[in-house]
Amino acid sequence: MSESGPVSRVRMLTLRLRYLARQAIGARQRILFYAFLAGLAGAVVAAGFQYATALVQMLLSGKHGGYVEIFRSLEWWQRLLIPATGGLLAGAVQYFARRIVPRQATSYMEAVALGDGDVPMRPNLMRASSALFSIASGEAIGREGPLAQLAAATASGIGRLLREPPARLRLLVACGAAAGLAAAYNAPLASAFFVAEIIMGSISMESFGPILLASATSSVATRLYDGGHTLYPISFTGDMPVSGLLFFALAGILCGFAAPAFVATLDYSKRLFGGIASMPYLSLAIGGLLVGVLAAFHPEVVGNGKSVIREMLAGNYVWQFVLTLMVLKILAVMAAFGSGAVGGVFTPSLLVGASIGYLLGTGVCAAGYDAIPPELYCAVGMGAFLCAVTHAPVMAIVMIFEMTLCPVLIVPLVAASVVSYFTVHALQGRSLYAKALKSGPKSIFDREMGELTVGEILRPSFPKLSAGSHLGAITASFMRSTDGIIPVVNKKGFYLGAVLLKTIKPYLRDADLAGTVIASDIMHDDVPTLDAKADLPGALRAFSNADYDALPVLDSETGIILGLLSRADLYLTVSEVTRRQSV
Amino acid sequence: MLQGTPFILEPANILLGLDATTPEEAVHALVGALGESVDSNRKKQLVTLVLAREEEASTCLGKGTALPHARTSLVNRLSVSAALLKTPVTWDASGKTVNLLFLMAIPKTAIEEYLLAIRTLTHAFKTPGAVERLCAAKDAEGFLATLGREIEAGAQYKA
């Protein structure tokens, strides 16, 4: 006969304290913790990317700082050479990356909107490396794309390491993406709205809560190392005349018309470079050279446009310059985007919107209505254009407010954004992200509800017990579980029953029982189980008839347990499948 | 029913001075002492189940006590018998000897009753001198009365 001994009272007390803490942490709370981790990861990724970009910038130009400022100080031939060289290097990285890492880099948008949250790290690291050279050499592209992508890949890696089921992995990736965007823009609320509203398609607290936590965490952490500052501060405190709303609505109309044209030019630029897309070192070098040619005349076209917007908001430009700059900037973005530079067009599109607003404002003031300075039209134009290119009015309004922290702008932003939204829809204009959101790898969430099986959405990694596991070990297993149920299996993996937390809860502090009671003494063999081949409606019925947070999933032919399906994961999956079917 | 326990233990279920030289003999006798709780044709089956459980993990608690038991559909309610051995027997591979035994046959659905019963008994044995007082019982009624007192004391006892 085998021997058993009591577990010490101290150890049992420690286990009980941990259990009590763990009880406060259910599956929902656990995802919040992961969201917090994703937020920290986003901030770390942003910091790392920023330092790396600064280093490459120093290597390429011998200087460090704002791109426009640096390019203004360079000779014309340097302005030509640096973007071209950066493009060549960026293209070379892409070329060799395709050979070293054959797997495609899944866009985080595709992974969340369409896929099951799998964003592989290696191909995304390669793409981020390419982005480093493009961005550091002054290409007219934003860093928010690579930041969101890397942060999303990190979150996906964390989720895959923890073997989270598809529904939760998808949410984690969304948290990572929001964290990356928040680090880029110091706009946690707008970043969360962007991901939740546009990509997840849901702002229920189940998903929006963790996303918001991740973006807020990233924003706070980012501020800790870079001081935190408002991106485009506006200190206007005067009265906003109601009649001004008419002109802001006009800004919305103009942006609503301009946005589809902008998106169309980007598509056109892709087609222009299509012939040499298979030689990224060539296409990107040419794209960089084109940016360099434009920069030789107007260095303000380089970079993502942040400093130029600031100068516009400060009223440092005349309208002729702004008009010229807008056209040249669009050409520069076309060159960068079309040639395949890895980066975002979010920030460059803000400059286009700012320019439209500024030009309108200047015209209105010149016509005699000068109660509102052109700079405010500039900010409102940013919001209206952003809304029109993303089809996300709430996100656009919140984003511009977070970037400017000017409360007076809220009502004008609402007016302009709503008008631009309806204008672009009336024109059936496509959003910047429509392609990413509608095409790409399909996932389990695109299938019919009746086609999906329990086996495809279960959690394969879970604590399990043997029949002879002592109560002390059982308690420790519940520390690692948040489902309140742990299956008992034999050596071959056959399911025998399940120990329920609610059964042993009153006995957790009993050190004397820890070495006496074993799993087979206290397991329930009447816990409902799910067949791995069962469909989701069947799983829903099983959960509605039983009060468990999770149920074991068995291979009905062999009796071997394959995993656990939690109620939360089932609901998340059903919710997403239903959402995609309605789109 | 003993106060504070979910089981009934009567004098007929108690064997004092049991002459057993092996754990198997002791378990056999204890199952027999369950009386009508177990169908007489099933008692051998219950013995096998208890011994199999003991093989899984020893129920020796130290201080010369053990709580052999089995979950089974052979009983409708939590059934308990007790024995004081004439001579201690070596109970498990550790070499520990046992002379005070409580056997439990537990219905498969009576998990909470089982946990309460086993906690009640283990706490009863923790009181200093409890095991000795039980072993000193002269007859089954005296054993029961002592057990009742030890259970009550065990409920209050904090080491």
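The values are calculated or read from the model by the stated rules, or taken from the named source; none is laboratory data. None of the values given here were measured: they were computed from a predicted structure. A quick note on method: Cβ atoms are made from the backbone with ideal geometry, for glycine too, and the neighbour counts reach across all protein chains shown. Note: areas computed on protein heavy atoms with side chains; ligands, DNA, RNA excluded. Shrake-Rupley method; radii C 1.70, N 1.55, O 1.52, S 1.80 Å.
Tabulated values for the structure
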| read-out | value |
| --- | --- |
| Some residue of region A:480-496 being within 30 Å of B:T65 (Cβ to Cβ), open to solvent by less than 30 Å² (accessible area, probe 1.4 Å) and modelled with pLDDT of 85 or more | yes |
| Residue in region B:103-117 that is β-branched (V, I, T), crowded, with 20+ Cβ neighbours inside 10 Å, more than 11 Å from chain A (Cβ to nearest Cβ) and out of contact with any Cys (no Cβ under 7 Å at 6 or more places or on another chain) present | no |
| Hey, A:Q50 open to solvent by 80 Å² or more (accessible area, probe 1.4 Å) and modelled with pLDDT under 90 or not | no |
| Test: residue in region A:561-568 that is in contact with a His (Cβ under 8 Å, 6 or more places away or on another chain) and part of a helix (DSSP H, G or I) | no |
| Cβ pairs under 6 Å, 6+ apart, first in region B:59-74 and within 7 Å of chain A (Cβ to nearest Cβ) and open to solvent by 30 Å² or more (accessible area, probe 1.4 Å), second of a type in the set (V, I, T) and not in a loop (DSSP other than H, G, I, E, B) | B:R71/B:I106 |
| Inter-residue pairs, beta-carbon under 7 Å, first within 28 Å of A:F194 (Cα to Cα) and among the hydrophobic types (A, V, I, L, M, F, W, C) and in region A:366-388, second modelled with pLDDT under 90 and open to solvent by 20 Å² or more (accessible area, probe 1.4 Å), 6+ apart | A:L376/A:F236; A:C378/A:L313; A:A379/A:I234; A:A379/A:L313; A:C387/A:P393 |
| All positions within region A:454-470 that are more than 14 Å from chain B (Cβ to nearest Cβ) and not in a loop (DSSP other than H, G, I, E, B) | A:V454, A:G455, A:E456, A:R459 |
| Test: B:A93 is within 13 Å of another protein chain (Cβ to nearest Cβ) and open to solvent by 20 Å² or more (accessible area, probe 1.4 Å) | yes |
| Any pair with Cβ under 6 angstrom, 6 or more apart, that starts in region A:312-325 at a residue that is buried (at least 21 other Cβ atoms within 10 Å of the Cβ) and ends at one that is not in a helix (DSSP H, G or I) | A:L313/A:Y232 |
| Hey, A:L212 closer than 24 Å to A:L572 by Cβ and buried (at least 19 other Cβ atoms within 10 Å of the Cβ) or not | yes |
| Tally of residues being touching a residue at least 12 places away in the same chain (Cβ under 8 Å) and out of contact with any Gly (no Cβ under 7 Å at 6 or more places or on another chain) across region A:36-53 | 11 |
| Given (1) closer than 26 Å to A:P506 by Cβ; (2) away from chain A (no Cβ under 11 Å); (3) surrounded by fewer than 21 Cβ atoms within 10 Å (Cβ to Cβ), index of the condition B:A137 fails | (1) |
| Residue count, region A:145-166 (criterion: open to solvent by 10 Å² or more (accessible area, probe 1.4 Å) and part of a helix (DSSP H, G or I)) | 9 |
| Scan of region A:471-484 for residues that are in contact (Cβ under 8 Å) with a residue 40 or more places away in the chain and more than 14 Å from chain B (Cβ to nearest Cβ), ordered by number | A:A476, A:F478, A:M479, A:T482, A:D483, A:G484 |
